[in-house]
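First up is the structure itself, then whatever we jot down about it.
The values are calculated or read from the model by the stated rules, or taken from the named source; none is laboratory data. Given the structure is predicted, the values throughout are model-derived calculations rather than measurements. Here the Cβ positions follow ideal geometry from the backbone for every residue, glycine too, while neighbour counts run over all protein chains shown.
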Amino acid sequence: MSFYRTALRPLLFQLSPDASHSLAQGALGFALPWRAVSAMQGLEVSDPRLRTRFAGLDLPGPVGLAAGFDKNCDLLPALSSLGFGFLTVGSIMPDARYGNPFPRIVRYPETESLGDSMGVPSKGRAYAVERLRSFTARKVPIIANIGGFSAEALARGYFEVAPHVDAVELSLMCPNVLAPGEHFDELVVLADVLKRIESRTKPVIVRVPNDTTQSPDRMAELIERSIEAGVEGLKVGGGRRAPEPGLGTQNATLHGRVIREAALANVETASRIARGRIQIKGNGGIGTAQDVLAMLKAGACCVDLYSAFIYEGWTVARDIHRALLASPASDLDRLAAVADHPQ
Ligand SMILES: Cc1cc2nc3c(=O)[nH]c(=O)nc-3n(C[C@H](O)[C@H](O)[C@H](O)COP(=O)(O)O)c2cc1C
């Protein structure tokens, strides 16, 4: 059992999830101590057997950090030392926004899961771009997840952020308030944004919206449109909404182990539809090497996680990568097959 699980986590979990979240982010605002921790604990991945490829990016390991933890790109110097195979920052929103009322995060420790109703708080794109520009000590690929409530906002976000990152992940978001007679159609918004960014030079990953994963027909349509437009990758998860009286909005999106089976099923479905024509990043409830292997078997090339970072602490990526190395060679062959694939 790690120091984090036995000593630090019980203390952190005495605080409200929102408070411990802020504390953890404060601690990760300092890069030097984390570089020292990383060197002492051997956090960084450097085994060629863990190499993989996703959306045109060479990843030193298949386990990355998912969007949402470093929304404003403030923590990259520290996060880069923690052994993730890639880092996803954001969601970067066009303008500064406060987000939803507190409390915004709830823990479900019995299932190592989280519920959130953050409402995408953000310091805005200009701030994030400045942070990305000033971060020069890049060790692993950086994917920027950009959010927006219209195709125009997403396209503009792509062009402003792309020069400073390795790939851009698009989050198609439904506006809270729609004009009379208007309804949000993620397929129409996607087609529009992909048209607007036709001249793009960096890989694009489409985050399949949680609601879309609930409808195989819409997911199939979204995947076909992405393939037609030459999108390099998909992020497929299993998040779902549930009532949660403990949150300011009374509703949560669920993450962590509680969504693992749904996430796996969604990746299987997406992979069946995609038939190898587009790569998939699996997400949802990943916390062990077995979870990663199940996602790879379902058709993913890599995974990213958030909840397990909260429950397992800063060694989570190293521990999963090490456990992967201890698994049978035939399991690791899946990674080798992707790493050597020209896509
Ligand atoms: C507190 C919190 C905030 C999140 N914020 C974002 C976000 O801003 N953008 C986004 O695309 N996903 C966001 N996510 C979703 C994660 O990227 C991830 O898809 C989700 O947590 C499922 O992975 P997990 O089961 O490993 O936690 C957030 C998740 C949590 C728990």
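Quick notes on this structure:
- For the range 28-65, a tally of residues being of a type in the set (A, V, I, L, M) and either at positive phi or touching a helix residue (DSSP H, G or I) at 6+ places or on another chain (Cβ under 8 Å) (or both) returns 8.
- When residue 149 is tested against (1) closer than 24 Å to residue 63 by Cα; (2) at pLDDT below 95; (3) within 14 Å of the ligand (Cβ to nearest atom), exactly one condition is not met: (1).
- Residue in the range 107-118 that is surrounded by fewer than 20 Cβ atoms within 10 Å (Cβ to Cβ), more than 10 Å from the ligand (Cβ to nearest atom), under 24 Å from residue 257 (Cα atoms) and acidic (Asp, Glu) present: yes
- Those residues of the range 229-246 which are under 27 Å from residue 87 (Cβ atoms) and more than 9 Å from the ligand (Cβ to nearest atom), in sequence order: 229, 230, 231, 232, 233, 234, 236, 240, 241
- Candidates 161, 177: the one that is at pLDDT 90 or above and at negative phi is 161.
- From 226, 215, residue being more than 11 Å from the ligand (Cβ to nearest atom), without any contact (Cβ under 8 Å) to a residue 12 or more places away in the chain and either hydroxyl-bearing (Ser, Thr, Tyr) or in contact with a Cys (Cβ under 9 Å, 6 or more places away or on another chain) (or both): 215
- Selection status of residue 320, aliphatic (A, V, I, L, M), buried (at least 24 other Cβ atoms within 10 Å of the Cβ) and touching a helix residue (DSSP H, G or I) at 6+ places or on another chain (Cβ under 6 Å): yes
- Residue within the range 276-286 that is aliphatic (A, V, I, L, M), more than 16 Å from the chain's Cα centre (by Cα), at pLDDT 95 or above and over 28 Å from residue 40 (Cβ atoms) present: yes
- Number of the condition not met by residue 91 [criteria: (1) under 17 Å from residue 315 (Cβ atoms); (2) surrounded by 19 or more Cβ atoms within 10 Å (Cβ to Cβ); (3) hydroxyl-bearing (Ser, Thr, Tyr)]: (1)
- The single condition among (1) under 25 Å from residue 154 (Cβ atoms); (2) in contact with a strand residue (DSSP E or B) (Cβ under 8 Å, 6 or more places away or on another chain) that residue 75 does not meet is (2).
- Being buried (at least 16 other Cβ atoms within 10 Å of the Cβ), modelled with pLDDT of 95 or more, assigned to a loop (DSSP other than H, G, I, E, B) and touching a strand residue (DSSP E or B) at 6+ places or on another chain (Cβ under 7 Å) is a property that holds for residue 231.
- Counting only helices (runs of 4 or more DSSP H) wholly contained in the range 135-228, the ones carrying 3 or more residues that are closer than 21 Å to residue 93 by Cβ occupy 151-161, 186-196, 210-213.
- The condition of being over 24 Å from residue 211 (Cβ atoms), in contact with a strand residue (DSSP E or B) (Cβ under 9 Å, 6 or more places away or on another chain) and surrounded by 20 or more Cβ atoms within 10 Å (Cβ to Cβ) holds for only one of 335, 247, 264, that being 335.
- Conditions (1) touching a Gly at 6+ places or on another chain (Cβ under 6 Å); (2) within 14 Å of the ligand (Cβ to nearest atom); (3) not hydroxyl-bearing (Ser, Thr, Tyr); number of the one not met by residue 279: (2)
- Options 76, 82, 50: the member that is crowded, with 24+ Cβ neighbours inside 10 Å and either in contact (Cβ under 8 Å) with a residue 24 or more places away in the chain or under 14 Å from the mean Cα position of the chain (by Cα) (or both): 82
- Residue pairs meeting the criteria (Cβ under 8 Å; at least 6 apart or on separate chains; first under 14 Å from residue 157 (Cβ atoms) and part of a strand (DSSP E or B), in the range 115-132; second more than 9 Å from the ligand (Cβ to nearest atom) and among the polar types (S, T, N, Q)): 122/72
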